[in-house]
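Structure record follows, encoded as C-alpha cells.
Just so it is clear, none of the values below were taken in a lab; they were calculated from the coordinates. Worth saying up front: this structure is predicted, and the values here are computed from it rather than measured. With ideal geometry, Cβ positions are generated from the backbone for all residues, glycine too; neighbour counts draw on all protein chains shown.
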Amino acid sequence: MRLLVNLFCRDPERQLAFYHAVLGLPEIVASRSPIFRALGDDRVEIGLNAHAAYALLGLADRAARGETPTPVTAYPTFMLDGPKAVDVACARTTDHGGRILKAPYPTYYGQWQAVLEDPEGHVFRVGSTALPAGVPAATPPWER
C-alpha cells in the first residue's frame with residue numbers, strides 16, 4: 001500500500017514551490033493539469049488541488065470559505081533522515097512563507113519532531129526517528 005496525501009489550495013503553484021523547497025520533493029510533471037499539481041517520489045506523493053476540485057469530487061458543499069483557517073482534522077507527518085533534516089525543514093518553512101507552530105522538540109517516544117504550517121494554513125509535522133546527540137527523550141505526559 002502507498003498513501004497519497006491531497007490538499008485543497010488557493011494557489012497550487014505556490015504550494016508546489018513551498019513543499020519542494022521545504023521537503024526537497026520533485027514535481028510529478030505527468031500529473032500536472034489546470035487544477036492540480038503533485039510532487040513526490042517512490043515513497044510519498046502530495047497532491048495539490050485547486051478549489052475547482054471540490055466540485056469535481058462531489059464536495060462543493062464542504063469547500064473552504066474565504067481566508068478563515070479551517071479546523072485541523074488531519075495532518076501528514078514526513079519522517080526525515082535525521083534531526084538535522086528536521087531543523088533544516090523548519091528553517092526552510094519560514095524562509096518560504098510558512099510558520100513553525102511548535103519548534104523541534106524531543107518526544108517521549110524518542111523522536112525529534114516539529115509542527116509546521118504551509119503558506120495556506122495546512123498543518124503538517126516533520127520528524128526523525130533519532131534525537132539530536134545529547135538530547136534525552138521527553139518525560140511522558142502521564143508521568144509528569
Set of the range 10-46 residues, backbone N closer than 20 Å to the point 7 Å along the Cα-Cβ line of Val135 | 22-24
With T = 37 °C, eta = 0.692 mPa s and Kirkwood Rh from C-alpha pairs, the Stokes-Einstein D of the chain in µm²/s is about 201 µm²/s
Can you pull the percent of Cα pairs in the range 74-144 with separation above 14 Å?
-> 57 percent
Give me the net charge of Leu101's neighbourhood, meaning all other residues with Cβ under 10 Å from the Cβ of Leu101; Lys, Arg count +1, Asp, Glu -1.
-> +2
Folded to 0 to 90 degrees: helix 83-95 orientation relative to the chain principal axis, Cα | 40 degrees
For the residue pair Ser31 and Glu13, what label-to-label distance in nm results when each label sits 7 Å from Cα along the Cα-to-beta-carbon direction?
-> 1.9 nm
